[in-house]
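Have a look at the structure below, then the notes.
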Amino acid sequence: MPTTFHSGPVRVRVPATSANLGPGFDALGLALGLHDDVAAEVTPGGVRVTVTGEGAGELPADDRHLVAGSMRAAFDALGGQPPGLALECVNRIPQARGLGSSSAAIVAGVLLARALVVDGAERLDDAAVLRLAAEIEGHPDNVAPCLFGGFTLAWTEPAGARAVSLPVDAAVRPTVFVPTGRGLTAAARAALPPTVPHPDAALNAGRAALLVHALTADPALLLPATVDRLHQDYRAAGMPGTAALVGALRAADVAAVVSGAGPTVLALTEPPAGFQAGTDWQVWRLPVEARGAAVFRGRLEHAERDPVAAGRKS
């Protein structure tokens, strides 16, 4: 059956995410109330991308842009490519900081492509969106919370990625400490050893299980539930400032972890009054985003074109 495209624009709002959450390496993730807004429209030819906010002047303005490339992959899955595309990206999620900017771009691209196809939801359901987004990203721990919202547990089967989303206890109030410097996921992964001691693996399994209970029912247990032995210590030498801040926060009884591959630090409990992270960090209190990605018809409105995110409070 030929692919038919909508003639008008569509837009999507996608949240930032934090993966791992300490012991849940490549499996657990949390959606946060900081969003990118992206609009797309089918055109007679070519690909044009405009970027405002984070990454403006740095990111590609053609098919090489991650949103555009993800749309192309989704259109292939949907059965056909449009003649051209025009994209408008208003980015608020910091790039290469461990807050899921690439996953947000991928999820945005797949959802926009689906929304531009007349019967896209029938051809590519949410489970298929997750599988495709995880295939593009390489792992599902960020794309799952970006897509579904809340606290997600993701895993990969032979048929592809799967995930479940769980509600987060209202007492969980995340704070992120965002550094000025960037990090690279590939470099962070390269720091990991090919094997780990059995006691460390056993410890992480127990703490990851405890973390599910702590986030959904008993936040008083978040400090012990966020102990990790699989990845954070191995990566510490490559981001000493991040490791030092995590250590200082945990010494103050704050359930702090490296956000994704870093270098952002995520605190799942509130830092004590007067805690000072230093001048190299921006401190934002962000709510848990329960909704996940949301798709709308029409162009970006005036408020959605503002690259300064509402909700960033230091």
Taking Cα atoms, the helix 240-251 axis meets the longest principal axis of the chain at an angle in degrees (rounded to 10) of 60 degrees
Kirkwood hydrodynamic radius over Cα pairs of the range 229-289, then Stokes diffusion coefficient at 25 °C and 0.890 mPa s, in µm²/s:
203 µm²/s
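Specify the longest stretch of the chain that does not include any exposed loop site, a site being one of the GluC sites (Glu not before Pro) with a non-H, G, I, E, B DSSP assignment and at most 13 other Cβ atoms within 10 Å. Please report the intermediate quantities before stating the final value.
Numbers: sites that count: Glu58, Glu301.
Longest site-free region, per DSSP loop and neighbour criteria: 59-300.
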For the chain, one quarter of the surface area of the C-alpha convex hull, expressed in nm², comes to 15.9 nm²
Which of Pro240, Ala261, Ala161 sits closest to the plus end of the dipole of the chain, meaning its Cα is farthest towards the positive end, when Lys and Arg get +1 and Asp and Glu get -1 on the C-beta?
Pro240
Treating the Cα atoms of the range 1-48 as identical point scatterers in vacuum, please give the log10 of the normalised Debye intensity I(q)/I(0) at q = 0.31 Å⁻¹, two decimals.
-1.12
Using the Cα centre of the chain as origin and beta-carbon charges of +1 (Lys, Arg) and -1 (Asp, Glu), tell me which of Leu111, Pro197, Leu249 is placed farthest towards the positive end of the dipole.
Leu249
Whole-percent tail of the Cα-Cα distance distribution for the range 128-193, cut at 21 Å, equals 42 percent
Within the set His213, His35, His198, GNM on the chain using Cα springs under 10 Å gives the largest fluctuation to His198
Quick one: Karplus J couplings for the range 280-286, per residue in order, coefficients 6.51, -1.76, 1.60, θ = phi - 60°, nearest Hz, x for Gly and Pro?
7, 10, 9, 10, 10, 8, 10
Qualifying trypsin sites (Lys or Arg not before Pro) for the range 2-102 [loop in DSSP, other Cβ within 10 Å: at most 12]
Arg64
Normalise the Debye intensity by I(0) for the range 138-277, one equal point scatterer per Cα, no solvent, then take log10 at q = 0.09, 0.13 Å⁻¹ and round to two decimals.
-0.28, -0.61
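Per residue, what volume in Å³ does the Cα convex hull of the range 171-237 take up? Intermediate values should be presented prior to the final figure.
Details: hull volume 7.2 nm³, N = 67.
Hull volume over Cα atoms, normalised by residue count, gives 107 Å³.
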Only Lys, Arg, Asp and Glu count, each charged at its Cβ (+1, +1, -1, -1), so figure out the dipole size of the chain about its Cα centre, rounded to 20 debye.
320 debye
Cα convex hull volume per residue for the range 205-314 (Å³):
148 Å³
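What number does the range 1-142 give for Rg over Rh if you use C-alpha atoms and the Kirkwood radius? Write down the numbers at each step before the final one.
On the way: Rg = 14.7 Å, Rh = 15.2 Å.
Ratio of gyration radius to Kirkwood radius: 0.97.
Would you work out the Kirkwood radius for the range 81-197? I mean one over the mean of 1/r across all pairs of different Cα atoms, in Å. Before the final figure, lay out each step's value.
Details: mean 1/r = 0.0611 Å⁻¹.
Over the range 81-197, the inverse of the mean reciprocal pair distance is 16.4 Å.
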The helix 66-78 Cα axis meets the longest alpha-carbon principal axis of the chain at an angle in degrees, between 0 and 90 and rounded to 10, of 60 degrees
Could you tell me how many degrees, from 0 to 90 and to the nearest 10, lie between the Cα long axis of helix 198-216 and the main elongation axis, the longest principal axis, of the Cα atoms of the chain?
70 degrees
What whole-number value in Å² describes the accessible area per residue of the chain for a 1.4 Å probe?
42 Å²
How much of the accessible area of the range 46-95, probe 1.4 Å, is carbon plus sulfur, in whole percent?
49 percent
For the chain, what does -39500 (n - 2.57) per DSSP helix run (n ≥ 4), summed and divided by total residues, give at 222 nm, in deg cm²/dmol to the nearest 500?
-9000 deg cm²/dmol
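The values are calculated or read from the model by the stated rules, or taken from the named source; none is laboratory data. Predicted model, so just to flag it, every value in this text is computed and none were measured. Cβ: placed from backbone, ideal geometry, glycine included. Neighbour counts: every protein chain shown. Accessible surface areas use protein heavy atoms only, side chains included; no ligands, DNA or RNA. Shrake-Rupley method; radii C 1.70, N 1.55, O 1.52, S 1.80 Å.
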